[in-house]
Amino acid sequence: MAIRHWELAGAEDDRLFSPNCWRVRMALAHKGLQAETVPWRFTEKESIAFSGQGLVPVIKDEHREVHDSWAIAVYLDDAYPDLPLLFDSAQARSLALFFKHWCERNVHSLMFRVIVMDLFGSLHDKDKPYFRESREKRFGKPLEEIGAESHAAVPALRAAFDPVRPLIAVQPFVSGSSPGFADYILFGPFEWARAVSPVRLLEADDPVYAWRERMFDLFDGMPRRTRGYPI
């Protein structure tokens, strides 16, 4: 039986934009595991009530439920150790956890500011009131005010990748010669943006651009084939 994966979707079922769900989508492909996508919206809490919480990603593998992208990645390596590993050592797992917290603190918030109004426009109508209320409470201002700052946020977003550039200038992936979960952590925000917004995030001569192109080509081009804007 294929693993079921609840993924956050926009107005269309195949507009899959959650950066955390993208981590899991890439991790499943990395392991070579078949997965069925279950499109999910913010207001459909009851459909994942079995997980004991109200957020995606959630997977169900046979009778085992796992939620949270980090917990899912750890589970996949522990449950399927004979398939390609997301972390090739305990040290790699620890460093990837550090990288996760760095990315969420330094990349996600800036990416949100860049794409917020495009993201809002891509949501299912039933999700828009929830999204507006929850995000305006979080940021302390209307979405439109956040969106008005989007152009200024692009240079700040590009600067946020400065710690990564020296690494991927000398090796093809964050994790080394081949991709690992740290790469999927960083790739998630890019698919978040591409799914909902046409904004140009990177210049073609940026090492991050070249790395992103390599990521799009993984798994027979699965990331590139998913619904999104040209980049």
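Since every read-out is calculated from the coordinates, none of them should be taken as a lab result. What you see is a predicted model, and the numbers here were worked out from it, not measured in a lab. Glycine gets a Cβ as well: all are built from the backbone with ideal geometry, and neighbour counts include every protein chain shown.
Which of Asp183, Asp68, Asp88 moves the most in a Gaussian network model of the chain with Cα springs under 10 Å?
With Cα springs under 10 Å in the chain, the top fluctuation among Asp183, Asp68, Asp88 is at Asp88.
Sort 148-160, 206-218 by packing, meaning the average of other beta carbons within 10 Å per residue, with the highest value first. Intermediate values should be presented prior to the final figure.
Numbers: 148-160: 15.1, 206-218: 17.2.
Most protected by this proxy first, the peptides run 206-218, 148-160.
Take Phe50 and Ser94, extend 7 Å from each Cα along the Cα→Cβ direction, and tell me the distance between the two endpoints in nm.
Output for this residue pair reads 3.7 nm.
Report the local net charge at Ile72: Lys and Arg +1, Asp and Glu -1, summed over other residues whose C-beta lies under 13 Å from its C-beta. If you can, show how the numbers build up before the last one.
Details: positive: Arg4, Arg23, Arg25, Lys31, Lys60, Arg64, Lys100; negative: Glu7, Asp61, Glu65, Asp68, Asp77, Asp78.
Neighbour charge sum, excluding Ile72 itself: +1.
Kindly provide the Kirkwood hydrodynamic radius of the chain in Å, to one decimal, from all pairs of distinct alpha carbon atoms. List each step's numbers first, then the result.
Numbers: mean 1/r = 0.0551 Å⁻¹.
In the chain this quantity evaluates to 18.1 Å.
What ranking do Trp40, Trp70 get, fewest neighbouring Cβ atoms within 10 angstrom at the top?
Values: Trp40 23, Trp70 17.
Ranked by crowding around the Cβ, least crowded first: Trp70, Trp40.
Excluding residues fewer than 8 places away in the same chain, name every one of the lysines whose C-alpha is closer than 27 Å to that of Lys45.
Excluding near neighbours in sequence, the set is Lys60, Lys100, Lys126, Lys128, Lys137, Lys141.
I want the local charge near Val38. Using Cβ-Cβ distances under 15 Å, sum +1 for each Lys or Arg and -1 for each Asp or Glu among the other residues. Kindly include the intermediate steps, with their values, before the conclusion.
Details: positive: Arg4, Arg15, Arg25, Arg41, Lys45, Lys60; negative: Glu7, Glu12, Asp13, Asp14, Glu36, Glu44, Glu46, Asp61, Glu65.
Summing Lys/Arg as +1 and Asp/Glu as -1 gives -3.
Place a point 7 Å from the Cα of Arg138 along the Cα-to-Cβ direction; which residues of the stretch 13-28 have their backbone N under 16 Å from it?
From the stretch 13-28, the list is 17-23.
Please say if the stretch 3-79 is rounded, prolate or oblate, where rounded means a/c under 1.5 for a ≥ b ≥ c the square roots of the C-alpha gyration tensor eigenvalues, and otherwise the choice is prolate for a/b larger than b/c and oblate otherwise? Before the final figure, lay out the partial values.
Details: a/c = 1.82, a/b = 1.28, b/c = 1.42.
Oblate.
If the chain between Glu104 and Arg225 were fully stretched, how many nm would it gain, using 0.36 nm times the residue separation less the Cα-Cα distance? Before the final figure, lay out each step's value.
Details: separation 121, 0.36 × 121 = 43.56 nm, distance 2.53 nm.
My answer for the length gained is 41.0 nm.
Calculate the spin-label point distance for Arg64 paired with Glu145, positioning each point 7 Å from the Cα along the beta-carbon direction, and give it in nanometres.
Roughly 4.7 nm, to one decimal.
Please state the shape class of the stretch 90-225: rounded when a/c is under 1.5, otherwise prolate if a/b exceeds b/c and oblate if not, all from the C-alpha gyration tensor. The partial results should precede the final answer.
Working: a/c = 1.81, a/b = 1.74, b/c = 1.04.
It is prolate, given that a/c is not under 1.5 and a/b is the larger ratio.
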